[in-house]
Each structure stands twice: as C-alpha cells, then as structure tokens.
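Every number here is computed from the coordinates shown, using simple stated rules; none is lab data. These figures come from a predicted structure and were not determined experimentally. Note: ideal-geometry Cβ built from the backbone for every residue, glycine included; neighbour counts use all protein chains shown.
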C-alpha cells in the first residue's frame with residue numbers, strides 16, 4: 001500500500017519532531033529509530049500522522065516522547081539527553097587503537113580450505129617476525145591513546161614462533177610503566193601444538209587462548225586438514241587442557257560457516273555445548289584468500305547464511321529457555337546497540353570504520369595494515385590497506401597515512417548513500433575493506449552489497465524475534481546488559 | 001524489457017527520485033530526465049519478468065524519500081543542536097590560543 005503525502009501539510013500543534021529515520025519491516029509495520037537507535041514500531045498511517053502533526057493517539061505520543069522521536073515545544077531535556085547518549089556511544093573514538101595484532105609467523109601445519117592467508121611450510125623460518133620488528137611494533141602500540149591495550153598473536157600458527165611471543169609479552173610489560181594501561185594478551189591458535197610448558201607460561205602471564213572449532217569431527221577435519229587428519233581431536237583436547245589449566249573464561253572458540261555447515265547448526269552448537277564453551281559466534285566466511293576458490297567453502301549466498309543463522313539463534317533461545325545460558329556473540333553485539341546505550345565497538349559495526357582506529361596489524365615482515373582483512377588482501381597482491389612499514393614509518397606516518405584516512409573518511413555512515421537515511425544506521429557500520437575487496441570501492445553500492453544485505457537481515461531478524469517472541473525478548477534484553 | 005514512468009515535478013523532488021532509483025540498483029537501473037514539468041524515468045530491470053515489482057518499488061521508494069526529506073527539513077535545527085551539544089564536551093576540539 002502506498003500513501004500520498006501533502007508536502008504543505010500542517011506542523012504539529014503541541015509537539016515537534018526530533019530527528020528520526022524509518023524502515024518498513026513488513027507492509028503493516030514501520031520501524032522508527034532516533035539518533036541513538038531507540039526504536040518504536042508503528043503502522044504506515046501512524047507514520048504519516050506523526051510527520052503531519054495530526055496524530056492524536058495519546059499512548060503512542062507518550063511512547064514517541066519517551067523514545068525521543070518527538071518532544072513538546074520548548075522542551076530542552078530531550079535534546080540534552082540525546083546529546084548525552086550520542087556522546088556515550090561515541091566515547092571510544094578519542095581512545096583509539098585498542099587491539100594490536102602481531103602476525104608472528106606465516107608458518108602453519110594446517111591446510112585449511114578457507115585459509116585467508118598464504119600459509120607457509122613449518123620449516124620456513126624466514127616467515128617469522130624478528131625481534132627488531134616486534135620492538136618497533138611495540139613502539140607504536142604504546143603510542144596509542146587507548147587505556148586498554150590488547151595484543152593478539154596470530155599466524156600462520158603463532159605457537160610455531162613461541163619465542164617471539166614470550167619476548168613481546170616481557171617487553172610489553174616492561175614498557176607498561178608510568179600511566180599504566182590495562183594490558184592483555186591473546187594467542188589465536190589451532191591448539192594442535194599446545195604443550196604443558198606453553199600452558200604453564202600462559203597461566204603465569206594471564207594469557208587468553210582463542211581457537212577455531214567448526215563443529216563436529218567430520219566437518220572440522222574436512223575444513224581444517226593437517227597431517228594425520230586429527231585436527232578436530234587436537235583442538236578438542238587443547239580446549240580441555242586449556243580450560244583445566246587456565247579456567248573456562250580464558251579459552252574461547254570461533255567457527256567459520258562453510259557450505260558443509262549449512263543445515264547442521266544444531267550439531268555445531270551442541271559440539272560447543274559439550275565442551276563447556278557456551279559462547280559461539282556464527283560467522284559467515286570472509287571473501288578473502290583461499291575462501292574464494294571453488295572448494296574454499298564459501299559457495300553459498302546471504303540468504304542461505306541468514307537461514308543458518310536464524311536456525312542457530314532459535315536453538316540458542318530454546319537452550320536458554322531450558323536453563324543453558326548459551327550466547328551468540330554477534331547477536332550480543334547488536335542487542336547492546338539496539339537495546340542499551342552501549343556501543344561495544346565491534347570493528348565491523350562502527351562508524352567511522354574500525355580500521356586503524358580499533359585495530360592495527362603488524363605483519364611478520366614488518367608491514368603494517370589497517371586490519372586483518374587488509375593484510376589478507378595484501379597476501380592476494382592488493383596493498384591498498386598497507387599503512388606503512390616498521391623499518392621506515394613512525395606512529396604519525398601510519399595513523400595519518402592516506403591509505404588510512406581516505407577510507408576512514410568514506411566510511412562515515414551518516415554521509416554514505418543509503419546509510420544516511422537507513423533506520424538501522426545506529427546499529428550498523430561500514431567495512432571499507434570488504435567493499436573494496438568485493439566491489440572495488442571503499443563505500444560500495446549498498447543495494448548490491450552482501451555486507452548490507454547480511455546485516456539488514458540480522459537486524460530485521462532480531463527485531464522480529466524481540467517483538468514476537470517473549471522468550472527471545474527476555475534473552476536479548478539480558479544480552480544487551482551483559 | 002525497459003519501461004517508462006513519469007513523476008510530476010511539482011510534487012516530487014529530483015533528490016527523492018535519484019535516491020529511490022539508487023536504492024533500486026539491485027533490481028534495475030534508471031535514467032532520469034526532465035521535460036514538460038515531469039521527471040521521465042526510463043527503467044531497465046535486470047530481470048525481464050520483474051516489471052511490476054520494480055515499478056512498485058520505485059513508486060514506494062519515491063514516496064519514502066519524500067517523507068524522509070520532510071522529516072529532515074523539520075528536524076534540521078534540532079539535529080544541529082544535538083550534535084553541537086554532544087561534541088562540545090568531548091575535548092576533541094582544541095581550544096583556540098589566546099590572542
């Protein structure tokens with residue numbers, strides 16, 4: 001149904017509009033969101049009455065006023081409250097960069113089908129980060145204004161260059177003097193090479209472990225082959241050992257959705273549950289590296305992933321209703337943005353984009369990238385997001401480089417075509433690396449963007465669950481305030 | 001197969017029409033020209049069988065963007081005030097040096 005609007009229609013008599021955006025969730029329901037993402041659902045007739053100033057439904061007007069979509073004439077507090085909420089949401093901006101990724105080696109003993117980097121054989125020591133580069137990278141880490149500094153060790157398989165990890169941890173702690181930062185360390189490992197000595201070290205230093213677990217044995221082993229075909233067993237054993245040594249909260253796992261995952265989301269979640277890992281991130285595959293090959297695991301569309309995601313989310317809501325406090329990480333991030341004033345600062349869902357501001361990547365060879373995906377593109381021969389080199393460039397050279405500032409400027413969603421008028425803008429962000437990789441342009445054409453389709457799909461799904469399912473609503477509210 | 005749609009230039013703005021055409025780019029491309037008080041749109045659907053759907057989406061899109069334009073016009077002063085209030089206390093803007 002369409003409704004014609006008279007451009008000269010009356011303005012409200014006793015109240016006026018505050019800035020808001022709208023989106024038709026279905027033919028009878030239109031979502032209204034204000035500047036900070038607080039939302040109200042109305043029908044299309046009500047929307048026209050609100051804009052025309054002819055709405056007389058007192059209950060609706062009270063709700064719109066409470067959600068800062070309208071205000072009484074002369075009322076100051078609504079503008080001040082909105083400004084305060086806006087400031088709260090953006091409070092991370094001056095405190096850039098919290099995450100520093102050290103690619104300590106490109107060597108790996110796995111040959112994962114969707115691997116996003118050009119892994120090297122385990123014997124190729126020339127693919128290891130040097131002490132000199134590690135020290136130069138730490139110079140940059142400690143120039144970042146963020147009060148929280150997380151150093152994440154990645155590869156390849158980072159445990160193949162464990163000596164440099166130990167060096168960096170010691171050196172970083174030694175530098176953390178004066179106005180100290182909240183310093184933390186994560187090793188992103190497949191855990192196949194985990195030993196008691198490594199676990200002792202991690203326990204002593206309070207280091208977190210993050211691993212990849214794609215689900216049941218056949219799926220995981222097919223996605224992540226290694227000599228002996230025992231990658232699942234080694235990962236599961238590693239998770240168990242790490243949980244016992246470090247505590248359950250010091251071990252996390254991530255999964256990647258491949259074609260083989262579709263239709264098996266319950267099994268995947270049950271695999272996590274059986275290991276006592278109650279936090280799962282149902283991630284789509286990224287369009288980089290080997291994932292782009294015909295057998296790379298990424299031959300499915302956005303619709304197929306959204307179906308997989310909804311099945312998974314429904315199962316997690318079921319588990320919560322039955323008393324198992326399972327969590328889906330992406331839904332938690334979005335629930336916080338939708339139903340609380342907190343913006344978790346997730347790299348892919350921020351505006352301006354998280355590249356450089358949220359994360360920096362120091363490659364094994366001394367090159368510095370704006371994000372992990374920027375490094376992956378470089379491995380494919382595209383150096384667009386290479387910000388500089390540790391041998392030659394300073395913190396200022398890197399943070400003020402055109403390679404960073406130009407895509408950052410283009411990534412501000414309030415000025416991007418379609419994003420600027422999108423009701424989901426307060427929940428969303430921009431991913432210039434994804435759009436550059438898939439469309440050759442940092443902004444991208446949103447109606448054709450898989451990033452946009454996927455996120456619009458997830459936002460709509462979560463709002464529908466919140467509106468229609470009391471059980472899901474209770475869980476989403478709880479996640480929003482975790 | 002392409003088709004043509006016309007909009008009265010007195011009731012529809014070019015900005016709303018361009019935005020609606022852009023939002024349609026997953027299913028069609030649109031050429032817009034002006035003549036005799038009308039905006040004339042030549043619409044080229046990507047899929048030959050999608051004429052009706054594309055036509056409805058363009059009409060709805062134009063109305064939606066006209067409405068968004070009205071909201072933006074009505075709320076521009078308060079939007080500016082809110083942003084000014086929000087950023088005045090961040091410390092992001094350095095104080096001007098004293099003369």
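The rule of thumb for compact globular proteins, 2.2 N^0.38 Å, goes into the C-alpha radius of gyration of the stretch A:395-482 1.36 times. In plain terms, if you count all Cα to Cα distances in the stretch A:269-363 and split them into 10 Å steps from zero, the share in each step is 13, 33, 38, 16, 1 percent. Averaging 1/r over each pair of different alpha-carbon atoms in the stretch A:96-389 and inverting the result gives 19.8 Å, the Kirkwood hydrodynamic radius. Reducing the stretch A:191-213 and the stretch A:56-132 to their Cα centroids gives an inter-centroid distance of 27 Å. Under the simplified labelling scheme, the residue A:439-residue B:56 pair shows an inter-label distance of 2.6 nm, with each label point 7 Å from Cα along Cα→Cβ. Shielding by partners for peptide B:79-85, expressed as the average number of C-beta atoms from other protein chains within 10 Å of each residue's C-beta, is 6. For the stretch A:438-482, the Kirkwood hydrodynamic radius from C-alpha pairs, put into Stokes-Einstein at 10 °C and a viscosity of 1.306 mPa s, yields a diffusion coefficient of 129 µm² per second.
For chain A, the relative contact order works out to 15 percent when only alpha carbon pairs closer than 8 Å and six or more residues apart are counted. Projected label points at residue A:391 and residue A:474, each 7 Å from Cα along the beta carbon direction, are separated by 6.2 nanometres. Once every Cα of the stretch A:166-212 carries one equal point scatterer and solvent is ignored, give the base-10 log of I(q)/I(0) from the Debye formula at q = 0.20, 0.26, 0.34 Å⁻¹, two decimals. For the stretch A:166-212, the Cα-only Debye profile gives -0.72, -1.04, -1.33. Binning all Cα-Cα separations of the stretch A:15-89 at 5 Å, short to long from zero, yields these whole-percent fractions: 3, 16, 28, 26, 16, 8, 3, 0.
Residue by residue along B:62-70, Cβ atoms of other protein chains within 10 Å of the local Cβ number 5 on average. The angle separating the long axis of helix B:14-23 from the principal Cα axis of greatest extent in chain B is about 80 degrees.
Pairs of Cα atoms in the stretch A:166-307 fall into 10 Å distance bins, from 0 up to the last occupied one, in shares of 11, 36, 30, 17, 6, 0 percent. Counting Cβ atoms of other protein chains within 10 Å of each residue's Cβ and taking the mean over peptide A:16-25 gives 4. Three principal axis extents of the stretch B:1-95 based on alpha-carbon atoms, in descending order, are 60, 29, 19 Å. Comparing Cα centroids, the stretch A:353-424 and the stretch A:432-482 end up 22 angstrom apart. Kirkwood analysis of the stretch A:250-290, using all unique Cα-Cα pairs, places the hydrodynamic radius at 11.2 Å. Size descriptors for the stretch A:322-365 (Cα atoms only): Rg and Dmax, in that order, 14.5, 50 Å. Angle of helix B:51-87 to the longest C-alpha principal axis of chain B, folded into 0 to 90 degrees and rounded to 10: 10°.
Against chain A, whose longest principal axis comes from its Cα atoms, helix A:329-339 is set at around 30 degrees. Values of log10 I(q)/I(0) for the protein assembly as shown across q = 0.09 Å⁻¹ run -0.78, by the Debye formula with one identical scatterer at each alpha carbon and no solvent. In the distance distribution for the stretch A:104-232, Cα-Cα pairs more than 19 Å apart total 53 percent. Annotation: peptides A:265-278, B:61-74, B:39-52, ranked by per-residue average of other Cβ atoms within 10 Å with the highest first, follow the order B:61-74, A:265-278, B:39-52. Each peptide in A:21-32, B:24-35 gets a packing score, the mean of other Cβ atoms within 10 Å over its residues, and the list from highest to lowest is A:21-32, B:24-35. Ordering A:238-251, A:329-342 by mean Cβ neighbour count within 10 Å, with the highest value first, yields A:329-342, A:238-251. The stretch A:45-156: percent of C-alpha pairs farther apart than 16 Å? Roughly 75 percent, rounded to a whole number.
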